[in-house]
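Student: Let me begin by handing over the structure; questions about it come next.
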Amino acid sequence: MRVPGIAECAAMMTTYDMLANIRQHSLVVAQLADQLVTALAQNSQATHHTSRELVIAGALLHDIAKTPCLKEPCNHAKVGAQICREHGYPEVAAIVEEHVILKHHEPARYARGEFTAEEIVYYADKRVRHHQVVNLNERLEYIIDHYGQNDPIRRQLIRDNFSRCVELEAFLFQWLDFPPKDLGKL
């Protein structure tokens, strides 16, 4: 598995003209993801630990295609995954591709303390509005306002996706020694 280091991630952010506000958002997501994966690794009861380096790289690059997709509408998660694959980072690509909508939602696995890099970055991203850590309700309101396009069906799809995030949060914090409100404060 090849995982880009922080310097390589920063170089990719520059190459793909990541706007400063998107870069700041990605840095905060990476900080939260790092806090989560580190705290999970410290819990001897959790049965699976993912690579900290992979989680950080995935968090830093999760919005790598956001700027190009602002200029010419596209699915930034899919385009970002393709960018990561082209650079030889297929594991990071999987994280980038799932940071908006998780392909797999497995409560039985979460109950065993098993969380993937994709799930950790997905959750961390949902806790950051711009560059501020917020609770899931605040983030949901923002996503509906900005991406719901006043379309009731689209808004319901967003709510359905977010219900998975709420459930993921509940399971995740059963394995951590701090509550969701303290994420980003420790």
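The values are calculated or read from the model by the stated rules, or taken from the named source; none is laboratory data. These figures come from a predicted structure and were not determined experimentally. Don't worry about glycine lacking a Cβ; one is built from the backbone with ideal geometry, like all the others, and counts go over all protein chains shown. To get the accessible areas, we keep the full protein, side chains included, count just its heavy atoms, and leave off ligands, DNA and RNA. Shrake-Rupley method; radii C 1.70, N 1.55, O 1.52, S 1.80 Å.
Student: Kindly provide the set of residues from region 152-185 that are open to solvent by 70 Å² or more (accessible area, probe 1.4 Å), assigned to a helix (DSSP H, G or I) and farther than 16 Å from I120 by Cβ, ordered by number.
Tutor: P152, I153, R154, Q156, L157, R159, D160, K181
Student: Next question. Do the conditions hold for D145, that is, is it farther than 16 Å from I101 by Cβ and either of a type in the set (A, V, I, L, M) or part of a helix (DSSP H, G or I) (or both)?
Tutor: Criteria met by D145.
Student: Test of understanding: among A94, A124, A108, which residue is of a type in the set (A, V, I, L, M) and exposed (fewer than 13 other Cβ atoms within 10 Å of the Cβ)?
Tutor: Every option except A108 fails the conditions.
Student: Which residue pairs have Cβ atoms under 6 Å apart, sit 6 or more places apart or on different chains, and have a first residue in region 34-57 that is in contact (Cβ under 8 Å) with a residue 12 or more places away in the chain and at negative phi and a second that is part of a helix (DSSP H, G or I) and surrounded by fewer than 21 Cβ atoms within 10 Å (Cβ to Cβ)?
Tutor: If the second residue must be part of a helix (DSSP H, G or I) and surrounded by fewer than 21 Cβ atoms within 10 Å (Cβ to Cβ), the pairs left are V37/R52; H49/A41; L54/E91; I56/D34.
Student: Also, I was wondering about something else. Please go through region 111-121 and pick out each residue that is open to solvent by 10 Å² or more (accessible area, probe 1.4 Å) and within 9 Å of the chain's Cα centre (by Cα).
Tutor: Answer for region 111-121, where residues must be open to solvent by 10 Å² or more (accessible area, probe 1.4 Å) and within 9 Å of the chain's Cα centre (by Cα): just E118.
Student: Here is a further query. Can you tell which of A57, A11 is touching a Pro at 6+ places or on another chain (Cβ under 9 Å), farther than 29 Å from L186 by Cβ and hydrophobic (A, V, I, L, M, F, W, C)?
Tutor: Going through A57, A11 in turn, the sole match is A11.
Student: Suppose the filter is acidic (D, E) and in a loop (DSSP other than H, G, I, E, B); does E114 pass it?
Tutor: yes
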